[in-house]
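Everything on this sheet refers to the single structure shown next.
Read-outs throughout are calculated quantities, based only on the coordinates presented, and are distinct from any laboratory measurement. Given the structure is predicted, the values throughout are model-derived calculations rather than measurements. Note: ideal-geometry Cβ built from the backbone for every residue, glycine included; neighbour counts use all protein chains shown.
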Amino acid sequence: MPKQILTDSFGRAITYLRLSVTDRCDLRCTYCMSEAMAFLPKRDVLSLEELERLAVAFIHRGVRKIRLTGGEPLVRRDIMTLLRRLSRRLGDGLDEITLTTNATQLVRYADELADIGVKRINVSLDTLDDAKFAQLTRRRMLGKVLSGIEAAQAAGLKIKLNTVALKGVNEDEIPSLIAWAHQRDIDVTLIEVMPLGEIDEDRVDQYLPLTVMRDALEARWTLEPIALKTGGPARYVRVVETGGVVGFISPLTNNFCADCNRVRVTCTGKIYMCLGHDDHVDLRAALRGPQPDAAAALDAAMVRKPERHDFDISSRGAAPAVARHMSTTGG
Ligand code: SAM
Ligand code: SF4
């Protein structure tokens, strides 16, 4: 019998799952977490076995790409066990397993990741300046991150950098960060800061529209738009002078929802159909209930995927669009 592909009420097929495996992290990026972040009790977080069951339920319903995220996915104990198990599905329903990481643990894991079939990863890095990195992440770990990137490249993993554009913090540095990355055959995606979760600062102070960044890049380089369709929110250009690619994720200045092919599951098993909405379905209850039935819960969730997000960052002091942090939902 052909499998029933997960499709939402707007006819979008869901083929991409972002699965958060932990809310914990070894950094405390100021736009993502508050300094005194309260992490979830372990019992609330899905076990590795539950995460695997859930991932397999999604694969059975047509998900072809899984991205592990967090928090920092590589600080979850025994994460390689989950990755190794999921990697057995590659070529058998699953096309790709990947992760988004801050790179601090890559020296330890890069070879193993390549070994199980991970081909490319997203690394988040906002600055190459040691002092700024320490200020932005509240941890002195830039050296570890850079060694992690080197180790990943040496292991043959293709890297894409994710850089959050922050007003007055890294906006002047972004062109040189891009030049640094392109020299190493690393593409860069710039991200506008999104109003997710209470943090210690006001979002309006951090918000830098990417139209401003794009103008700055155009003053230095020739940008050629390219049609890279990922089903995701980014729009891409090639920098003629470097040959590298820059992506722009502008949730606040552009609405990118029409071809959205993804859903997110938190480390507690809540499936969010949209990053910008609070509506969710509790898959953990379905997994831990007397008659576990993840499949039925997935169908219930699909009906509720909204047509679009409605972020607004224009008013100072505004409450976040959604209360949960990116580290809970997974980026
Ligand atoms: N710890 C991993 C990392 O940093 O790559 C994975 C999780 S992190 C939450 C995923 C991505 O979300 C990172 O690229 C981070 O920069 C981004 N992010 C976190 N909070 C954000 C926010 N409020 N607005 C925009 N991007 C955010
Ligand atoms: Fe950790 Fe990633 Fe959030 Fe930074 S963005 S605090 S690395 S989860």
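Taking 14 Å as the cut-off, the amide N atoms of region 70-111 that come nearer than this to a point 7 Å along the Cα-to-beta-carbon line of E150 belong to 106-108.
Taking amide H positions as modeled 1.01 Å from N, with prolines and chain starts lacking one, the residues under 5 Å from T7 and 5 or more places away or on another chain are I14. The slack in the chain from E171 to A134, taken as 0.36 nm per residue of separation less the alpha-carbon distance, amounts to 11.7 nm. Antiparallel beta bridges, as assigned by DSSP with both residues in region 1-134, represent about 10 percent of the total such bridges. Model label points for R43 and F10, set 7 angstrom from Cα along the Cα-to-Cβ axis, are 3.9 nm apart. About the centre of its Cα atoms, region 14-135 shows a dipole size close to 460 debye [charges on the beta carbon of Lys, Arg (+1) and Asp, Glu (-1) only; nearest 20 debye].
Residues of region 141-177 with an amide N closer than 18 Å to a point placed 7 Å from the Cα of E224 along the Cα-to-Cβ direction: none. The HN-Hα couplings worked out from phi for region 176-190 by the Karplus form 6.51 cos²θ - 1.76 cosθ + 1.60 (θ = phi - 60°) are 6, 5, 5, 4, 4, 5, 4, 4, 9, 6, 10, 7, 10, 10, 8 Hz, whole numbers, x standing for Gly and Pro.
Rounding to the nearest 20 debye, state how big the charge dipole of region 1-73 is about its Cα centre with +1 on each Lys and Arg Cβ and -1 on each Asp and Glu Cβ. Before the final figure, lay out the partial values.
Numbers: 12 positive and 9 negative charges, 81 e Å.
Here region 1-73 has a charge dipole of around 380 debye.
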